[in-house]
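Down below is the structure, laid out as structure tokens.
The values are calculated or read from the model by the stated rules, or taken from the named source; none is laboratory data. Values in this document were obtained by computation on a predicted structure and should not be read as measured data. In this analysis, Cβ positions are derived from the backbone assuming ideal geometry, glycine residues included, and neighbour counts consider all displayed protein chains.
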Amino acid sequence: MMQEWPVSNPDGTGLVDLLADDPVVAGADTPPPWRILIVDDDADVHLATEFALQDAEIQGRGLQFLNAFSAAEAREIMARERDIAVVLLDVVMNSDSAGLQLVRVIRDELGIADTRIVLRTGQPGQAPEIEVIRDYDINDFKFKSELSRNKLYITLSTAIRSYEQIRELDDNRRGLEHIVRCSTLLMGAQSLDEFTRAVLAHVAGLIGQRVDGLICVRQTAAERGEEPIVQAASGRFESWIGKPLSRLEDDRVRTQLDHLLAQPGSLFGDRLVALHLGCEARGGMVAYLSLARPLNRIERNLMEVFGNNIAMCASNLSLLNRLRNAAYVDALLGLPNRLAFLETVGQALQDARRDTHAVVLLDIDQFAELNDALGQRHGDLLLKAVGQRLGERLGTAAYLARIAGDTFGLLLPLDLAVPDRLLGIFRDFFDLQGVEQRVMVTAGVVALREVEGQRGSDALKDASIILKRAKRDQRGEVAYFRRAMVTEGREQLQLLQELRVALDQDQLFLIYQPQLDLSTDRVVGMECLLRWRNGAGQLIPPDRFIPLAEQSGLIVWLGEWVLRAAAAHLRQLRARGWGELRVAVNVSVVQLRQPDFIDMLKRVLHDYQVPPERLELEITESMAMGDFGANRRVLDEIRQLGVELALDDFGTGYSSLGYLQRLAVNRLKIDRSFVRNIETPEGVGIIRTVIQLGHTLGLTVLAEGVEKPAWAERLKELGCHETQGYLYSPPIAGDELLAWLERQGGEDARGA
């Protein structure tokens, strides 16, 4: 809330006293007189009226008379002079209805609604009917014979008071409409500079006069010692733009601004207004306005409302800037981030730069090893040093961004995207707090003209392809993308051939992650996970070979192998007394679509003597929803065998409640991405919804990825039935599973 201010300076001088010394501020204008238009074809009436009211004052203001001797003359005056308070209008002039016709002109044609109209007539028989007064928007009617000095004064006082009230209401309405429009426009400001310039322009429009003003800003709230600067200025202050507060030539202005920045409030002088415009996210924002004339009461009130709205808009601008920074700026380096880079490259693909520019992805070699050896702090220092050097050496010719951990993105002219220029940046050692370090980089370059598509992601995809190849085959060099490259296809073909060999050479194996009942902590089952260790002893990540197996159809044989291996292990566990445990196996949509999938499943159950209720097949949510009708028929047949079904990664797909009710599943699995957010209100809300849905449909709910005791406890409170995750055990090999089960409770945990 803005407050009156006088306050004192350290030297004991009041700020209002300082204003009195300002030649721009000193003195007060005499209020203008009320303007009265006398309309009568009798000159004596004009003289008599003016004589009766000579030297009269109403509400501290004198009277000024304008004279019209016909309706036509009055119309010209009213069209020209828009601040007439009262019209004293003769009913009969050149015609019996001349006065009433003039009223219609004033109200309807000229659109003047606030001026008060008092009809006067010299003959009692000419008095208008009540309906006429009402229909013609006449404010009063008097006989000329009744208008003595006192009665005439009372009549004018009443009319002027009504006029003033109407004008105040109109001024307030127009002012508030102006404030609303300004606030809307200011909410769209994209920068502090644009915002402050607009504030000065709008404040002049609000009070309808020229304003010499300035806005002083302290940029950062956390650094109160930072020097405030003049962000925007107009009129006689315009030359002060960009100056720090301490260098302003006018001591009075400097003192007032400094005090308002430290102690928010408002100051109204004779021809001066100083307002604190809030914005807590910054150090403060103050407007200093030198006026051409003093503010009236309405303008002053509007100015306070305007100031409050500006403070709100300034806070909004600050919030938008923070959100923009969060979305587009890398927090560590202060560089544009991946999203900003994608947008900039996308724009370049659609303009003239497509033929002249290239995208470069530049990756620091062995950064992960360096980070592990010397610590994250050292790694952060190196990233900052690399970003700084790239910016210094390439200058404004290049758009620089941080794309990922140790990967920088560059959009730059083709003649700069050459090995000598890129690698030459790193020939000199880096000085990291006194320690010299050489940095090697690998770069992938794609000319924008080689990119198929107009999105930044299209260029980034191509650049990523060539960077990966360079990291593998040309470390420390610059590699260039060509559209004809088919290396990715060749790699996939090679990997597929190796996978076929793996099936024959026992390179595939299963590991198991236990699943527990949250209410009893008893082991109820396990999820089996497929792993591949190739002939060189390297583990091939599942996300590399499983999608490839699905695309090639090899997943059909691979899936049957997994089912048989899991069933064989389950038979061994049953023989050791763990007969109540179930085993969960992931299946692919490609498997479900095989005509003999159900027959194959029956053979597995028969060959290993596995009770069908101890086998669970996991399908993903998106898989279940795709081709829903066909998939549902297969799932129904699986349930008829007695095999259980689990809907994996629930919540990451697009299933509707209607579809879910028709799916013959036993268990919902909450995806680990939601469980990780269980300590946030949003995360808890999603998990609670899934659990309640499971309860409503009579399904068991299992949470994946549980890593902390607090997560497990919260899931239990929310009504989750089962869980799995590293809190209990990482996935373990089959030959170690039995020992782990024994450690969990021996005979008591068997449940057999």
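Return yes when GLU613 is at pLDDT below 90 and under 30 Å from TYR726 (Cβ atoms) and no when it is not.
On the way: at pLDDT below 90: no; under 30 Å from TYR726 (Cβ atoms): yes.
Here the answer is no, as GLU613 does not meet what is asked.
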Next item on the list: Mind listing whichever residues of region 694-736 are crowded, with 19+ Cβ neighbours inside 10 Å and polar (S, T, N, Q)?
Entry: THR723, GLN724, SER729
Check: Do we find that ARG688 is modelled with pLDDT of 90 or more, within 24 Å of SER588 (Cα to Cα) and of a type in the set (D, E, K, R) in this structure?
Finding: no
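So how many residues does region 673-725 have that are more than 20 Å from VAL523 (Cβ to Cβ) and either free of Cβ contacts under 8 Å to residues at least 12 places away in the same chain or of a type in the set (Asp, Glu) (or both)?
At the first step, the residues of region 673-725 found to be more than 20 Å from VAL523 (Cβ to Cβ) are 673-674, 676-699, 710, 714, 717-719.
From what is left, the residues that are either free of Cβ contacts under 8 Å to residues at least 12 places away in the same chain or of a type in the set (Asp, Glu) (or both) are 677, 679-683, 685, 689, 696, 698, 717.
Result for region 673-725: 11.
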Notebook entry, point to check: Pairs, please: C-beta under 8 Å, at least 6 apart or cross-chain, first residue of a type in the set (D, E, K, R) and in region 46-70, second not in a loop (DSSP other than H, G, I, E, B)?
Noted result: GLU50/ILE38; GLU50/PHE65; ASP55/GLY62; GLU57/LEU63; ARG61/TRP34
Check: So VAL523 clears everything in (1) aliphatic (A, V, I, L, M); (2) in the same structural domain as GLU618 (by TED's automatic domain parsing); (3) free of Cβ contacts under 8 Å to residues at least 24 places away in the same chain except one condition, right? Which one?
Finding: (3)
Notebook entry, point to check: Does region 467-481 hold any residues that are free of Cβ contacts under 8 Å to residues at least 24 places away in the same chain and closer than 18 Å to ASP406 by Cα, and which are they?
Noted result: ARG472
Check: Would you pick out the residues in region 284-308 that are surrounded by fewer than 19 Cβ atoms within 10 Å (Cβ to Cβ) and part of a helix (DSSP H, G or I)?
Finding: ARG297, ILE298, ARG300, ASN301, GLU304, VAL305, ASN308
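Is it true that some residue in region 438-446 is surrounded by fewer than 20 Cβ atoms within 10 Å (Cβ to Cβ) and more than 21 Å from PHE341 (Cβ to Cβ)?
yes
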Item checked: One residue from LEU554, LEU563, LEU539 being in contact with a strand residue (DSSP E or B) (Cβ under 8 Å, 6 or more places away or on another chain) and buried (at least 17 other Cβ atoms within 10 Å of the Cβ) -> LEU563
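Residues checked against (1) of a type in the set (Ser, Thr, Tyr); (2) surrounded by fewer than 16 Cβ atoms within 10 Å (Cβ to Cβ); (3) at pLDDT below 55; (4) not assigned by TED's automatic domain parsing to the domain that holds LYS151:
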residue	(1), (2), (3), (4)
MET2	no, no, yes, yes
SER8	yes, yes, yes, yes
ALA43	no, yes, no, no
LEU47	no, yes, no, no
LEU63	no, no, no, no
Next item on the list: Identify, by number, the condition in (1) more than 47 Å from the chain's Cα centre (by Cα); (2) modelled with pLDDT under 90 that LEU641 doesn't meet.
Entry: (2)
Checklist line | Residue check for ASP521: outside any helix (DSSP H, G or I) and farther than 15 Å from VAL590 by Cβ | finding: yes
Item checked: Residue match in region 624-631 (condition: modelled with pLDDT of 90 or more, over 23 Å from MET600 (Cβ atoms) and assigned by TED's automatic domain parsing to the domain that holds ASP599) -> no
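In region 15-40, which residues are surrounded by 14 or more Cβ atoms within 10 Å (Cβ to Cβ) and either touching an Asp or Glu at 6+ places or on another chain (Cβ under 6 Å) or at pLDDT 90 or above (or both)? Please lay out each step first, then the result.
So in region 15-40, the residues surrounded by 14 or more Cβ atoms within 10 Å (Cβ to Cβ) come out as 15-16, 18-19, 22, 24-25, 33-40.
Selection gives VAL25, PRO33, TRP34, ARG35, ILE36, LEU37, ILE38, VAL39, ASP40.
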Check: If we keep just the residues of region 246-277 that are closer than 18 Å to ARG293 by Cα and charged (D, E, K, R), which is nearest to the chain's Cα centre (by Cα)?
Finding: ARG271
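Taking region 233-260 on its own, how many of its residues are part of a helix (DSSP H, G or I) and either surrounded by 13 or more Cβ atoms within 10 Å (Cβ to Cβ) or touching a residue at least 24 places away in the same chain (Cβ under 8 Å) (or both)?
Residues of region 233-260 that are part of a helix (DSSP H, G or I), as a first pass: 235-240, 245-247, 251-260.
Next, from what is left, pick out any that are either surrounded by 13 or more Cβ atoms within 10 Å (Cβ to Cβ) or touching a residue at least 24 places away in the same chain (Cβ under 8 Å) (or both): 235-238, 240, 245, 252-260.
The number of residues fulfilling the criteria is 15.
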Next item on the list: Could you list all residues from region 74-122 that are modelled with pLDDT under 80 and exposed (fewer than 14 other Cβ atoms within 10 Å of the Cβ)?
Entry: ARG82, ASN94, SER95, ASP96
Check: Is it the case that some residue within region 408-417 is at negative phi, charged (D, E, K, R) and out of contact with any strand residue (DSSP E or B) (no Cβ under 8 Å at 6 or more places or on another chain)?
Finding: yes
Checklist line | Residues (in a strand (DSSP E or B) and within 18 Å of LYS151 (Cβ to Cβ)) located in region 32-91 | finding: TRP34, ILE36, ILE38, GLU57, ILE58, LEU63, PHE65, VAL86, VAL87, LEU88, LEU89, ASP90
